[in-house]
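Here is the structure we will look at.
The values are calculated or read from the model by the stated rules, or taken from the named source; none is laboratory data. Here the structure is a predicted model, which means the values were calculated and not measured. A quick note on method: Cβ atoms are made from the backbone with ideal geometry, for glycine too, and the neighbour counts reach across all protein chains shown.
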Amino acid sequence: MAAPQTERLGVSALDHFFSQHGWLFREQTTHDYGIDAHIEIVKNERPTGKLIALQIKSGASFFTEETNESFVFRTDDKHVVYWVEHSMPVVLVLYNPTTKTAHCCEVNRDTVTNTGKKWKIEVPKIDMLANPEQSLHELESLTQPEPYVRRLNRLRIDRRWMDLIEEGLEVRVTFDKWVNKSLPRYQVTIYTEDEREAWPTLYAPGVGIEGMLQHFFPWADFTVDSDEHEKGAREKYEAECYLYHYRETGESFYSQSFDDWYNAPKGLVPVLENGETETYVLILSLNEFGKSFLVVDDYLADPDAQEVIGFELK
């Protein structure tokens with residue numbers, strides 16, 4: 001088994017690769033069994049809702065067995081069953097930290113071979129990082145489930161953020177809106193004090209802020225972070241109300257007090273404006289849809305739930 005730092009090299013390299021080309025890369029910090037990350041296909045800088053699950057193996061040990069055209073990866077029954085029956089396409093990626101190359105193969109019934117005791121997957125020696133256009137095109141062509149399942153998959157990926165909210169942690173999203181651009185664009189980051197997930201810039205033609213949030217976070221309600229709003233307002237207050245500074249006492253004078261001047265945020269408003277961009281910082285809470293999803297997902301994911309009950313008369 002690769003050392004933790006070696007495993008991180010593969011995840012970091014793939015994160016950089018997909019983010020560099022505008023795709024959404026979400027590492028599975030909760031360690032879904034046999035899945036290290038999910039990527040969302042972005043076409044023409046617009047998210048498609050099409051997801052691919054990645055199993056990333058990093059280290060020299062995964063390159064010791066090879067044929068003329070492939071590296072041989074061996075695994076057990078449990079992993080093969082999980083990958084082949086997964087609701088998303090699953091891609092195995094072998095990353096070589098020495099050569100800084102990555103090699104991938106979709107895991108399906110055609111690419112796995114039973115050797116008797118174990119299974120093997122022959123991963124082509126083509127470096128996916130060396131030819132991004134071809135690699136992304138091949139990933140785009142992977143068969144995707146129906147839209148119903150794709151939407152369900154996105155909710156399952158976001159479950160970790162819902163759980164953090166349920167645990168009482170504050171989850172925020174921040175993004176800049178370019179005010180002088182005819183085509184709305186957003187660069188979204190969702191985060192807590194300990195976790196952060198940044199997305200590449202995405203276009204949302206014909207969709208305002210509320211529509212964008214509803215698309216990406218249908219399970220959440222939003223309120224403006226009052227502390228960040230007040231912090232941003234103080235900068236504007238200084239510019240608008242400052243009169244002069246009295247050197248002898250070190251006291252500054254304003255046309256009115258901050259408390260009289262300041263208006264608390266109402267609705268979804270920016271916390272900072274500079275003429276080019278408006279910066280939003282919003283705190284998430286679970287809406288009724290999000291709460292209902294957690295109940296349904298707990299039921300569907302219960303490993304002890306009976307699949308068959310009753311008996312048959314003969």
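See the values below:
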| quantity | calculated |
| --- | --- |
| Unique match (being over 27 Å from H38 (Cβ atoms) and exposed (fewer than 12 other Cβ atoms within 10 Å of the Cβ)) among G232, G250 | G250 |
| Counted residues, the range 40-61 - those being among the hydrophobic types (A, V, I, L, M, F, W, C) and free of Cβ contacts under 8 Å to residues at least 40 places away in the same chain | 2 |
| Index of the failed condition, R109 passing every other in (1) closer than 21 Å to L51 by Cβ; (2) in the same structural domain as F216 (by TED's automatic domain parsing); (3) not in a strand (DSSP E or B) | (2) |
| Filtered residues of the range 159-183 (kept if at pLDDT 95 or above and acidic (D, E)) | D163, E166, E167, E170 |
| Exclusive hit being more than 16 Å from F175 (Cα to Cα), in contact with a Lys or Arg (Cβ under 7 Å, 6 or more places away or on another chain) and either assigned by TED's automatic domain parsing to the domain that holds Q187 or among the charged types (D, E, K, R) (or both), set D225, D259, D297, D304 | D297 |
| Qualifying residue in the range 283-305 (condition: outside any loop (DSSP other than H, G, I, E, B), touching a Gly at 6+ places or on another chain (Cβ under 6 Å) and in contact (Cβ under 8 Å) with a residue 24 or more places away in the chain) | no |
| Entirely in the range 126-237, the strands (runs of 3 or more DSSP E) that have 3 or more residues that are over 16 Å from the mean Cα position of the chain (by Cα) and in contact (Cβ under 8 Å) with a residue 24 or more places away in the chain | 172-178, 220-224 |
| So R74, is it surrounded by fewer than 18 Cβ atoms within 10 Å (Cβ to Cβ) and within 22 Å of T143 (Cα to Cα) | no |
| Meets criteria (polar (S, T, N, Q) and in contact with a Pro (Cβ under 9 Å, 6 or more places away or on another chain)) for N153 | yes |
| Considering residues of the range 121-142 that are in contact with a Phe, Trp or Tyr (Cβ under 7 Å, 6 or more places away or on another chain) and within 18 Å of E65 (Cα to Cα) only, the residue surrounded by the fewest Cβ atoms within 10 Å (Cβ to Cβ) | K125 |
| Those residues of the range 41-98 which are assigned to a helix (DSSP H, G or I) and out of contact with any strand residue (DSSP E or B) (no Cβ under 9 Å at 6 or more places or on another chain), in sequence order | S61, K78, V81 |
| Failed item in (1) buried (at least 20 other Cβ atoms within 10 Å of the Cβ); (2) of a type in the set (D, E, K, R); (3) touching a residue at least 40 places away in the same chain (Cβ under 8 Å), with E66 passing the rest | (1) |
| Where a residue in the range 253-271 is over 9 Å from V224 (Cβ atoms) and its partner, wherever it lies, is assigned to a loop (DSSP other than H, G, I, E, B), with Cβ under 9 Å and at least six apart | W261/S255 |
